[in-house]
Amino acid sequence: MFPSLKPLLKLCGVYTFASSVVNFYRETAERIVVQRGRLPTENKVDFLQLLLDAEDSTTENGTTPAKRLSSEEICAQVCVIFGGAFETIPTSLQFMSYVLATHPSVQKKLVEAIDSEIGDEQPTYDNIQRIEYLEHFIRETLRLYPSIPLVARETVSTVEIKGHTFPRGSVVVAPTLEIHRDPEYFDDPDSFDPDRWRETINPVSWLPFGYGPRQCIAMRLAMIEMKIGLIHVLRRVEIVRLPDTPEVMEFDPKAHGRLAPRKVIKLKIELRQQRPTTASCS
């Protein structure tokens, strides 16, 4: 709310997150950078190396200083990758497990769709695209339970939208969770219905990965990870609710910038009866 106070707060060691958390990520990032410097050149082709290359280059056209990443900015990007890669996927799979347990008919239909489309094949990038119901299931879960419940963006210039003026440098927050449950965009918005995704839906009304040029860079990877993970799990086990599994999910109001259940979700896991597989000899 008061961006001008950021330098003062930083000096005082006050952060959005606990200083112990900030220090952990900073030290981890610095340690990774040092380790990276010891690796052979051929092993340095990844996201981190792009960041380090951006820091190492200091001039453009030989004379004009270029805008480069500082060590602090590199640390911040490493933190974002840690959070985006390791927090959102498990959180989403947690909510998907809850949905499967509380909607057994959906779970049955999903298992049948996986079985009919790829059978005993190992899930790959190509064959998982055939399981349309799996795509719809994930989209519907992310609609009701987006791991990031809001999206914030900063205006690069003053703009007027529908009579409202947003000065340059304003932080605009899109309430993802509220948009996803708005009856203006979704019929019966609080109900779980994967089949709603058979129809065309306004893409700006579904924002678990954001939208536009700043959309999550790992959206496709995340979808693939969740699909393959679900296939492996559902082939082996059935997820069942317990007597104390909540009928309606309540969220933790103290979760910083993420969606989390107020109480631990307790579910039961039962082994599925394994289908006979066919073996071939050569």
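The values are calculated or read from the model by the stated rules, or taken from the named source; none is laboratory data. This is a predicted model, so every value here is computed, not measured. Reconstructed Cβ throughout: ideal geometry from the backbone, glycine too, with neighbour counts over all protein chains shown.
Summary table below
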{"item": "Of all residues making up the stretch 120-146, the number that are acidic (D, E), closer than 27 Å to P175 by Cα and touching a residue at least 60 places away in the same chain (Cβ under 8 Å)", "result": "1"}
{"item": "Cβ-Cβ under 6 Å pairs, at least 6 apart or on other chains, the stretch 159-188 side outside the structural domain of E199 (by TED's automatic domain parsing) and modelled with pLDDT of 95 or more, far side surrounded by fewer than 13 Cβ atoms within 10 Å (Cβ to Cβ) and of a type outside the set (F, W, Y)", "result": "none"}
{"item": "Elements of type strands (runs of 3 or more DSSP E) contained in the stretch 121-195, each with 1 or more residues being exposed (fewer than 12 other Cβ atoms within 10 Å of the Cβ) and of a type in the set (A, V, I, L, M)", "result": "151-154, 159-161, 171-174"}
{"item": "Condition met for E117 (more than 22 Å from the chain's Cα centre (by Cα), part of a helix (DSSP H, G or I) and in contact (Cβ under 8 Å) with a residue 12 or more places away in the chain)", "result": "yes"}
{"item": "Condition check for I201: free of Cβ contacts under 8 Å to residues at least 40 places away in the same chain, assigned to a loop (DSSP other than H, G, I, E, B), closer than 21 Å to G257 by Cβ and assigned by TED's automatic domain parsing to the domain that holds D252", "result": "no"}
{"item": "Considering residues of the stretch 209-259 that are of a type in the set (D, E) and surrounded by 14 or more Cβ atoms within 10 Å (Cβ to Cβ) only, the residue farthest from the chain's Cα centre (by Cα)", "result": "E238"}
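To keep it simple, each residue is scored yes or no on (1) exposed (fewer than 14 other Cβ atoms within 10 Å of the Cβ); (2) aromatic (F, W, Y); (3) assigned by TED's automatic domain parsing to the domain that holds E225.
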residue	(1), (2), (3)
Y98	no, yes, yes
A101	no, no, yes
Q107	no, no, yes
E112	yes, no, yes
